């Protein structure tokens, strides 16, 4: 243990809060999972949090819980307002407290973000991301809401929580009172900053008065609104100092409103990009501060603390990916951490679609009660053919259950489509998933056979056969499709072929967008925080309200045309919470979108199309084909012919889209049945 502490001395230093001590400096940040509203949800939630507590996280903050009906995020979402609701929360706190981990309830009032007709706000201004217009709170309503926050905190204490986090950022109700953008009141709760900041200060005072001194109060402060009409830096500092006086124990960092058009947690955001703003505030207050956003590995977490940016680090999605992140870091097993890749596909995209959250790289997340890892009663020999995401996940999950697994991969390396994904700018994190799988294969003693294609006869000797042979690009059926100008997306991304200055991309699904981003990216450049800030208009000097400024413009590396046959919006099936980012990247680089296209022919002059009733020639140097995929099922057909049973998963089973989330989920489901 001492050796590991030498690696991360700041990360594993206990934090003394006076009346209680946290075992380390790692906070599991608040994230709604959907379990809160499920049948038997609190038992599932308790198991979910307990596994992270077993993983040795210092402090857990729950998903947001409303203090009253008006504060709901959506109808009948989680609320703590009555004594009758306390017992369910006890299920969670009792199980967590069997460990050394502390747990706080987050009190979240959605304000104008509440997706229901009862939503309220400081002023009756509708949010651009909500169809419901809020009702402006009366003076009495403001006071009642303050009382409801305090009542919720008191009930949280009765339920066994070690504290509460008051959600004052991300554009929710408290943030709406603070910002001129959303507060047009003329009474004592609006107008001057002293009036606009009165509401959060009174909430903290009321909570502290109700719960006593020996109870953690975290205030989630919006340090960087990233919207017009947001707070000035001087206001952020002044509010933090008043929150300290009002009785808070810890101040957590909030970055960006939900309606902000600047990415803050997506994969393309360089790691630890926002720790600088917490560091600025650290000079102004005496309370412990928490840094957050895109901190996903121990190196960044330790560096953040060592550089004096904060006193704790917060991670939310990384604990979906790996509940034992902290323990592995403490034990020096960093290579065994299943890293959050920031994709949002199974967590936030699920939540915003009213599904239970999970994780692309860890489908057991939020399914700990219904799909725990169970050792197999009978150990089998299993052959897995294909070393892409589905094959890797199935091999590891089956071996973890005790089976003897052999993984066959015809190429010289594992990874499949992930090898391509990792080369897309902003998706470099996929290399971490491959590192994790390589480590797991080694730890679990999976017999990996690279550059190997097993025969049907060889496979017949195994107890179980899993075919995970993936997909191949669909061929383009078009006059001139064999022209030298034509490149498949695999050839381009893998580096087998390069594209010229002017490029047409056929197909604007997820792969088409990735290819366009790849074409616009200088392969010599690496993720860079300063460049990211400049490109998205984040004001590091904080001279402007909201911390925003004009985005830097640059000359695109190539001229790109992104084409599709359908007349729907390009990228219609992109991630619910990240699609706008991908579109913005392409628009910033002046990509030309053409929809409703009919492809006619390819020749030396380029690509001839029919568009808007006219025949046009795009004089391009290359045409990159992203026109879908086909399952590679030759092996499955041979096994079928030989009447040998097998299991088909991933792209080999269904190739409508390259879908790593589905592939890995299928792999785990199958491994649990074998």
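The values are calculated or read from the model by the stated rules, or taken from the named source; none is laboratory data. Only a predicted model underlies this, so the values are computations on that prediction, with no experimental measurement involved. Reconstructed Cβ throughout: ideal geometry from the backbone, glycine too, with neighbour counts over all protein chains shown.
Quick check on the range 585-597. Is at least one of its residues surrounded by fewer than 17 Cβ atoms within 10 Å (Cβ to Cβ), part of a helix (DSSP H, G or I) and touching a helix residue (DSSP H, G or I) at 6+ places or on another chain (Cβ under 8 Å)? Scanning the range 585-597, I find at least one residue that is surrounded by fewer than 17 Cβ atoms within 10 Å (Cβ to Cβ), part of a helix (DSSP H, G or I) and touching a helix residue (DSSP H, G or I) at 6+ places or on another chain (Cβ under 8 Å), so the answer is yes.
Scanning the range 154-181 for residues that are within 25 Å of the chain's Cα centre (by Cα) and part of a helix (DSSP H, G or I), we see that the one that is surrounded by the most Cβ atoms within 10 Å (Cβ to Cβ) is 173. Just one of the numbered conditions (1) more than 23 Å from the chain's Cα centre (by Cα); (2) surrounded by fewer than 23 Cβ atoms within 10 Å (Cβ to Cβ) is not true of residue 258: (1). For the range 23-52, residues that are under 20 Å from the mean Cα position of the chain (by Cα) and in a helix (DSSP H, G or I) total 7. Cβ-Cβ distances below 7 Å connect the following pairs, each with a first residue in the range 279-292 that is assigned by TED's automatic domain parsing to the domain that holds residue 26 and crowded, with 22+ Cβ neighbours inside 10 Å, a second residue that is part of a loop (DSSP other than H, G, I, E, B) and at pLDDT 95 or above, and a separation of six or more residues or different chains: 289/310; 289/311; 290/310; 291/309; 291/310; 292/29. Among the residues of the range 608-627, those that are surrounded by fewer than 18 Cβ atoms within 10 Å (Cβ to Cβ) and not in a strand (DSSP E or B) comprise 612, 613, 619, 621. The listed residues are 173, 155, 108, and the only one of them that is touching a residue at least 24 places away in the same chain (Cβ under 8 Å), out of contact with any strand residue (DSSP E or B) (no Cβ under 8 Å at 6 or more places or on another chain) and within 22 Å of residue 209 (Cα to Cα) turns out to be 155.
Given the options 42, 76, name the one that is within 30 Å of residue 227 (Cα to Cα), in contact with a helix residue (DSSP H, G or I) (Cβ under 8 Å, 6 or more places away or on another chain) and either buried (at least 21 other Cβ atoms within 10 Å of the Cβ) or in the same structural domain as residue 200 (by TED's automatic domain parsing) (or both). Spell out how you get there, then give the answer.
Values: 42 fails: within 30 Å of residue 227 (Cα to Cα).
Only one candidate qualifies: 76.
Matching residues to (1) within 28 Å of residue 255 (Cβ to Cβ); (2) without any contact (Cβ under 8 Å) to a residue 24 or more places away in the chain; (3) within 23 Å of the chain's Cα centre (by Cα):
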position: 504; (1), (2), (3): no, no, no
position: 507; (1), (2), (3): no, no, no
position: 512; (1), (2), (3): no, no, yes
position: 524; (1), (2), (3): no, yes, no
position: 539; (1), (2), (3): yes, yes, no
position: 545; (1), (2), (3): yes, no, no
position: 549; (1), (2), (3): yes, yes, no
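Using the structure shown, decide if residue 184 is more than 32 Å from the chain's Cα centre (by Cα), part of a helix (DSSP H, G or I), in contact (Cβ under 8 Å) with a residue 40 or more places away in the chain and farther than 19 Å from residue 256 by Cα. For residue 184, the condition - more than 32 Å from the chain's Cα centre (by Cα), part of a helix (DSSP H, G or I), in contact (Cβ under 8 Å) with a residue 40 or more places away in the chain and farther than 19 Å from residue 256 by Cα - is not met. For the range 460-480, taking the residues that are in a strand (DSSP E or B) and out of contact with any helix residue (DSSP H, G or I) (no Cβ under 7 Å at 6 or more places or on another chain), the one that is surrounded by the most Cβ atoms within 10 Å (Cβ to Cβ) is identified as 464.
Which one of these is surrounded by 24 or more Cβ atoms within 10 Å (Cβ to Cβ) and part of a helix (DSSP H, G or I): 151, 112? Lay out the reasoning, then the answer.
Numbers: 151 fails: surrounded by 24 or more Cβ atoms within 10 Å (Cβ to Cβ).
Answer to the check: 112.
When 491, 442, 457 are checked against the criterion of being under 26 Å from residue 597 (Cβ atoms), assigned to a helix (DSSP H, G or I) and without any contact (Cβ under 8 Å) to a residue 12 or more places away in the chain, a single residue qualifies: 491.
In summary, helices (runs of 4 or more DSSP H) completely within the range 300-410 and bearing 3 or more residues that are out of contact with any strand residue (DSSP E or B) (no Cβ under 7 Å at 6 or more places or on another chain) and buried (at least 24 other Cβ atoms within 10 Å of the Cβ) occur at 318-321, 389-400. If the condition is being buried (at least 18 other Cβ atoms within 10 Å of the Cβ) and outside any loop (DSSP other than H, G, I, E, B), then the range 5-22 contributes 15, 22.
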